Amino acid sequence: MRQTRIAAAYLNIGRMDDAGRQESCIHRLDARVKAVVTIVFIFTVVSFPPHAVSSLIPLALYPLIMVAAGGIPVSLVLSRLALAAPFALAVAACNPLLDRRPVMEIGGWVLSAGWISFFSIMTRFVLTVSAVLALVACTGIHRLCNGLEGLRVPRPVTLQIALLYRYLFVIGGEGVRMTRAVQIRSAGPLRLRAAIPMLGTLLLRALDRAQRVYQAMRARG
């Protein structure tokens with residue numbers, strides 16, 4: 001049950017919305033300005049050489065300043081980073097196996113180019129994702145989408161961003177409820193044998209929930 005409570009806390013979309021409604025100097029900035037600066041920041045991070053690590057560390061000031069000036073809880077950003085980290089790890093983990101060229105020796109351990117690129121990918125992941133999370137937390141998804149429309153981003157694109165933001169947490173909420181129900185019935189932790197069949201059921205329940213949300217939106221015009 002502890003894992004379920006943690007997952008529910010991570011997937012609680014209300015925390016991001018509440019953070020976006022705060023009043024601070026960062027929150028009062030125009031959403032278009034924050035969006036442009038964040039996009040430039042992301043392009044700057046990805047433009048560094050593939051094996052850059054130490055030169056990327058000073059760039060951490062931008063998301064740190066956003067979080068500190070906006071009064072955003074650090075745990076809020078870290079929890080979302082933890083959710084996305086497995087995808088970055090899956091990509092970066094291949095590099096040490098593919099690139100074994102020795103680069104330097106540290107305490108008798110030979111550091112290969114693959115490990116340097118591994119740390120570079122993870123550093124870029126932390127910087128870019130934390131910047132986007134800080135942007136959303138300091139702006140709010142609705143104001144951010146309005147700001148993107150002010151930058152001439154097509155409305156269908158901003159509408160898809162808003163719907164994706166909402167529906168990801170709809171699916172997550174269904175998953176948390178299903179996990180809690182299984183744990184209550186089995187009086188123990190969720191096992192892999194039971195989790196695999198749940199994926200198909202989760203897809204069907206998420207589609208059914210999405211259909212109900214869509215019908216409610218149409219009924220409201």
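Bear in mind that the values in this text are calculations on the coordinates, not laboratory data. Note that the coordinates shown come from a computational prediction; the quantities given were computed from them, not determined experimentally. Reconstructed Cβ throughout: ideal geometry from the backbone, glycine too, with neighbour counts over all protein chains shown.
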Modelled FRET efficiency - R0 22 Å, S47 with L151, Cβ distances, 0.05 increments: 0.60
For the chain, what's the relative contact order in percent, using C-alpha pairs closer than 8 Å and at least 6 residues apart? 29 percent
If the chain between V74 and A93 were fully extended at 0.36 nm per residue, the gain over the current Cα-Cα distance would be 4.2 nm
For the chain, calculated [θ]222 nm from helices alone, where every DSSP H run of n ≥ 4 adds -39500 (n - 2.57): -24000 deg cm²/dmol
With Rg and the Kirkwood Rh both taken from Cα atoms, where does Rg over Rh land for the chain? 1.02
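Could you give the size of the charge dipole of the chain about its Cα centre, using +1 on the Cβ of each K and R and -1 on the Cβ of each D and E, expressed in debye and rounded to the nearest 20?
The calculated dipole for the chain is roughly 880 debye.
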Amide H to amide H under 5 Å from S112: which residues, 5+ apart in sequence or cross-chain, H placed 1.01 Å off N in plane? V103
Taking 0.36 nm per residue of separation and subtracting the Cα-Cα distance, what length does fully extending S186 through L81 add? 34.7 nm
Quotient of Cα Rg and 2.2 N^0.38 Å for the range 12-57, N being how many residues it contains: 1.59
Short version: ³J(HN,Hα) in whole Hz for each residue of the range 54-63, in order, from phi by Karplus 6.51 cos²θ - 1.76 cosθ + 1.60 (θ = phi - 60°), x for Gly and Pro, what are they? 5, 6, 7, 4, x, 5, 5, 4, 4, x
Taking just the alpha carbons, could you work out the radius of gyration and Dmax for the range 17-141, both in angstroms? 16.7, 52
So, R0 is 35 Å and r is the distance between the beta-carbons of R101 and L61; what FRET efficiency does that work out to, to 0.05? 0.65
Along the range 30-42, what does the Karplus equation 6.51 cos²θ - 1.76 cosθ + 1.60 (θ = phi - 60°) give for ³J(HN,Hα), rounded to whole Hz, x for Gly and Pro? 4, 4, 5, 5, 5, 5, 5, 5, 5, 5, 4, 4, 5
